[in-house]
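Notes to accompany the following structure.
The values are calculated or read from the model by the stated rules, or taken from the named source; none is laboratory data. In this text, all values refer to a predicted model and were calculated from it rather than measured experimentally. Positions of Cβ are backbone-derived with ideal geometry, glycine not excepted, and every protein chain shown enters the neighbour counts. Remember, those area values only see protein heavy atoms, side chains included, never the ligands or the DNA or RNA. Shrake-Rupley method; radii C 1.70, N 1.55, O 1.52, S 1.80 Å.
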Amino acid sequence: MEIGVSTFVETSPDVQTGEVMSHAQRLREVVEEIVLADQVGLDVFGVGEHHRKDYAASSPAVLLAAAASQTKRIRLTSAVTVLSSADPVRVFQDFATLDGISNGRAEIMAGRGSFIESFPLFGYDLNDYDELFEEKLELLLKIRESEKVNWKGGHRPAINNLGVYPRPVQNTLPVWIGSGGNSESVIRAGLLGLPLVLAIIGGSPMQFAPLVQLYKKAAAHAGHDESKLPVASHSHGFIAEDTQLAADKFFPSTQATMNSLGKERGWGHYDRSSFDAARGFEGALYVGDPETVARKIIHLRKHVGITRFLLHVPVGTMPHADVMRAIELLGTEVAPRVRDEISRWEAESEAK
């Protein structure tokens with residue numbers, strides 16, 4: 001069971017002061033967070049790509065590379081790369097470069113993204129939303145498979161027996177498919193034999209169990225060994241020494257972010273009762289003391305089939321010291337509890 005962190009590198013107004021942190025400061029803070037995550041034994045750190053004023057990381061590979069030379073073992077991934085509006089050649093080159101700098105620790109998490117700003121920014125038509133993703137994923141996988149590429153599509157000039165460099169340290173650069181829970185996307189990932197990441201950020205995580213089974217069924221149908229395909233979750237959360245303290249610290253920025261996005265997307269008002277319900281044992285918020293969060297992750301592994309858990313922290317703007325402490329607790333107290341329990345459970349299951 002792998003445990004890690006993901007971030008969108010947000011620079012939204014501070015809930016208490018209204019001040020807005022500079023992009024440069026937040027980028028430097030995230031490098032410190034990645035270094036700490038490595039030091040406390042976490043397995044992976046993911047950075048999401050966005051092209052908005054309230055997010056600082058439009059180029060995750062560059063940010064991850066800044067941390068690569070300061071870390072030793074943690075895997076470094078996008079979360080996600082908005083592949084539909086990107087050039088797969090450049091995506092591969094960026095992450096192959098990261099792979100070289102980190103000596104084989106880079107990963108790509110490819111997705112459609114939940115925002116649309118990148119489409120007009122890079123000259124793409126939203127009407128081609130689905131077609132762009134399918135075509136560009138096909139090209140990315142071809143580049144991954146072969147140094148010399150022959151390819152032709154409808155939204156990018158053809159490539160005629162050209163090499164793509166540098167090549168990564170890893171024999172096969174990992175490419176994950178990120179999904180918000182769409183059945184078509186999990187089937188696609190299964191048929192291609194690619195690892196799957198589910199954004200479990202609302203409702204009951206147990207509702208995702210059928211999607212994991214659908215994914216594995218599609219993988220088996222295509223001839224892949226579904227037992228070897230990892231499944232990850234990306235879920236909002238925060239850890240402090242005391243559960244009430246964790247909730248009180250995490251709620252203000254979470255509420256501000258959810259209500260800001262809600263105005264754009266027509267969501268209902270997000271209040272404390274919604275927050276408290278979501279941090280209950282069956283909810284999608286992983287907020288509490290180390291024991292509380294560990295028990296929820298273990299439950300997710302046993303009943304949904306998740307093999308990698310990414311705690312998305314912070315949501316909105318929080319004090320850097322609080323985020324660093326949450327990462328420290330995740331690595332030193334939550335992860336050992338989860339790994340020990342899952343190891344015992346798996347050993348008992350094999351014995352039966």
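What the table below lists for this structure:
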{"read-out": "The chain: relative contact order in percent, alpha carbon pairs under 8 Å with at least 6 residues between", "value": "19"}
{"read-out": "Magnitude of the charge dipole, the chain, Cβ model with Lys/Arg +1 and Asp/Glu -1, debye to 20", "value": "700"}
{"read-out": "Segment Glu138-Gln244, extension gain: residue separation times 0.36 nm, minus the distance between their alpha carbons", "value": "33.5 nm"}
{"read-out": "Accessible carbon and sulfur surface of the chain relative to its total accessible area, %, 1.4 Å", "value": "50"}
{"read-out": "Pairwise centroid distance, computed over Cα atoms, of the stretch 195-259 with the stretch 319-351, Å", "value": "15"}
{"read-out": "Partner lysines for Lys148 [C-alpha distance under 27 Å; skip if fewer than 8 residues away on the same chain]", "value": "Lys136"}
{"read-out": "Net dipole in debye of the stretch 247-352 [+1 Lys, Arg Cβ; -1 Asp, Glu Cβ; about Cα centre; nearest 20]", "value": "240"}
{"read-out": "All lysines inside 20 Å of Lys142 as judged from Cα atoms, apart from same-chain residues fewer than 8 positions distant", "value": "Lys152"}
{"read-out": "Per-pair calculated FRET efficiency, R0 = 35 Å: Glu19 and Thr307 via Cβ, rounded to 0.05", "value": "0.30"}
{"read-out": "Modelled FRET efficiency - R0 22 Å, Lys263 with Glu184, Cβ distances, 0.05 increments", "value": "0.15"}
{"read-out": "For the chain, built as a Gaussian network whose Cα springs stay under 10 Å, the top-fluctuating residue of Val20, Val82, Val169", "value": "Val20"}
{"read-out": "Residue with peak Gaussian network fluctuation, the chain [Cα springs, cutoff 10 Å], from Ala220, Ala278, Ala199", "value": "Ala220"}
{"read-out": "Residue-normalised accessible area of the chain, expressed per residue, 1.4 Å probe, Å²", "value": "43"}
{"read-out": "Extension reserve of the Ser349-Glu147 stretch, reckoned as 0.36 nm per residue once the Cα distance is removed", "value": "68.5 nm"}
{"read-out": "Within a Gaussian network of the chain (alpha carbon springs, distance under 10 Å), most fluctuating of His303, His269, His312", "value": "His269"}
{"read-out": "Eligible aspartates and glutamates near Lys302 by straight Cα distance, threshold 18 Å, same-chain separation 8 or greater", "value": "Glu2, Glu226, Glu282, Glu291, Asp340, Glu341, Glu346, Glu348, Glu350"}
{"read-out": "Förster radius 30 Å - calculated FRET efficiency between Asp340 and Leu191, Cβ distance, rounded to 0.05", "value": "0.30"}
{"read-out": "Surrounding net charge for Arg272, when Lys and Arg each add one and Asp and Glu each subtract one, Cβ distance under 14 Å", "value": "-1"}
{"read-out": "Additional length obtainable on full extension of the chain from Glu32 to His299, 0.36 nm per residue less Cα span", "value": "93.1 nm"}
{"read-out": "For the stretch 1-93: rounded, prolate or oblate by the Cα gyration tensor [a/c cutoff 1.5]", "value": "oblate"}
